[in-house]
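To keep things clear, I will list the structure first and then write my remarks on it.
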Amino acid sequence: MKEVIDAIDEWLAAGEVGIALATVITTWGSAPRKVGAKMAFTAEGRAIAGSVSGGCVEGAVIEAGGEVLATNRPQLLHFGVADETAWSVGLACGGEIDVFVERLDVLAYAAAREQVVANQPVTIVTVIRGDDEQIGRHLIVTDEAVSGTLGAAWDERVIELTRRTRQSTRMALLDEVELFVDVVRPSPALVIVGGAHIAVALAKLATILGYRTVVIDPRRAFGSQARFAGVDKLVSLWPDKAFEDTPLRSDMAVVTLSHDPKIDDPALQAALASDVFYIGALGSRSTHARRRERLSALGFDNTQLGRIHAPVGLDIGADNPEEIALAIMAEVVAAYRQAGQLRAGSNQTTSRP
């Protein structure tokens with residue numbers, strides 16, 4: 001959803017009333033976009049944001065969207081190699097996707113948008129198959145509230161189900177009624193401790209990749225606004241104080257780059273005591289050996305210390321700050337995706353509430 005918010009906000013502010021929203025709800029094989037990917041567009045595709053296939057089926061989806069806007073009835077589309085339109089829409093590579101196209105529900109969008117821009121999780125439940133009264137209904141579920149309705153008889157069961165659903169998925173409610181449960185989680189965050197030159201490049205690259213960025217450095221010359229103008233949060237405090245205001249969570253990675261144990265070690269202690277998905281520390285193997293000794297003396301065992309990636313980053317032969325930042329970010333992304341696969345594997349919800 002994040003990829004279409006800015007455009008939808010702009011269109012709504014301009015008074016646009018004909019906005020269609022297309023969502024990938026199922027993929028098979030080498031489909032180019034993941035489940036939950038979205039494309040928003042106005043009538044006849046005059047303005048487009050996002051993508052459901054990287055360009056393969058957008059034309060066909062926009063054409064269907066014109067019918068949706070004209071009739072106010074959503075459509076569930078299928079594209080794939082078994083379809084006679086596969087070659088013409090560009091999915092002859094072997095991938096298949098199902099795409100749900102609907103008129104934008106402004107109230108449901110506003111409720112979901114509020115959570116997304118606040119970096120809070122939200123689950124958007126949509127009826128994708130049902131009768132004319134049911135199809136296209138939405139239920140927006142957050143940690144604190146619920147808005148919309150699928151029908152009084154269903155809401156309680158579906159809300160309970162969404163609390164246990166960690167990945168976007170398609171599921172049957174009844175034989176003739178089907179839902180898409182779209183789990184939208186906050187963007188992962190990269191916490192950079194130490195405003196070294198590598199940190200400048202790393203923060204920029206993380207931003208490009210969609211990560212929220214936090215830079216912590218008590219040394220104002222290193223952690224200055226001039227050096228880190230584009231980061232989401234700049235904290236000029238010692239790490240132990242900084243983490244009181246920025247609690248570490250499972251959707252965060254922590255990388256220490258200061259080369260100063262007085263700064264790096266407290267940050268590593270906090271990271272090791274948390275469930276962050278990645279911990280990395282700059283320095284040579286000998287530097288890290290001494291670091292392990294210091295942390296071991298504080299009570300951390302070998303299993304805990306094994307969470308620290310050091311020397312930080314993938315071994316790509318990097319020899320300048322920008323390449324080192326690339327190596328670090330590649331390792332962070334790999335760890336994040338692996339953590340996501342583990343979360344998906346632990347999701348044992350059934351297909352019916």
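A few notes on this one:
- Residue check for residue 322: open to solvent by 60 Å² or more (accessible area, probe 1.4 Å), within 27 Å of the chain's Cα centre (by Cα) and at pLDDT 95 or above: yes
- Checklist (1) in contact (Cβ under 8 Å) with a residue 60 or more places away in the chain; (2) in contact with a Phe, Trp or Tyr (Cβ under 8 Å, 6 or more places away or on another chain) applied to residue 321, failing item: (2)
- Within region 95-115, being part of a strand (DSSP E or B) and either open to solvent by less than 50 Å² (accessible area, probe 1.4 Å) or farther than 27 Å from residue 78 by Cβ (or both) holds for 96, 97, 98, 99, 100, 101, 102.
- Residues located in region 276-300, provided they are outside any helix (DSSP H, G or I), modelled with pLDDT of 95 or more and surrounded by fewer than 13 Cβ atoms within 10 Å (Cβ to Cβ): 298, 299
- Looking across 155, 217, 143, one residue alone is acidic (Asp, Glu) and open to solvent by 40 Å² or more (accessible area, probe 1.4 Å). It is 143.
- Residue among 138, 197 that alone is within 20 Å of residue 20 (Cα to Cα) and not acidic (Asp, Glu): 138
- Inside region 179-200, residues that are outside any loop (DSSP other than H, G, I, E, B), farther than 26 Å from residue 158 by Cβ and open to solvent by less than 10 Å² (accessible area, probe 1.4 Å) make up a count of 6.
- If you filter region 221-241 down to residues that are surrounded by fewer than 22 Cβ atoms within 10 Å (Cβ to Cβ) and within 16 Å of residue 259 (Cα to Cα), you find that the one that is modelled with the lowest pLDDT is 221.
- Scanning region 301-319 for residues that are of a type in the set (Asp, Glu) and over 18 Å from residue 333 (Cβ atoms), we see that the one that is most open to solvent (accessible area, probe 1.4 Å) is 319.
- Region 2-30: number of residues that are surrounded by 17 or more Cβ atoms within 10 Å (Cβ to Cβ) and closer than 15 Å to residue 108 by Cα: 8
- Condition check for residue 213: of a type in the set (Ser, Thr, Tyr) and assigned to a strand (DSSP E or B): yes
- For region 55-74, the condition of being in a strand (DSSP E or B) and modelled with pLDDT of 95 or more holds for none of the residues.
- Restricting attention to region 222-263, the residues that are in a strand (DSSP E or B) and either β-branched (Val, Ile, Thr) or closer than 17 Å to residue 295 by Cα (or both) total 4.
- Close Cβ contacts (under 8 Å, 6 or more residues apart or on different chains) running from residues in region 53-77 that are within 10 Å of residue 103 (Cβ to Cβ) to residues that are part of a helix (DSSP H, G or I) and among the β-branched types (Val, Ile, Thr) comprise 74/68.
The values are calculated or read from the model by the stated rules, or taken from the named source; none is laboratory data. Everything numeric in this text was worked out from a predicted model, so none of it was measured. Cβ atoms come from the backbone with ideal geometry, glycine included; neighbour counts cover every protein chain shown. Quick note on the areas: whole protein, heavy atoms, side chains included, nothing else; ligands and nucleic acids left out. Shrake-Rupley method; radii C 1.70, N 1.55, O 1.52, S 1.80 Å.
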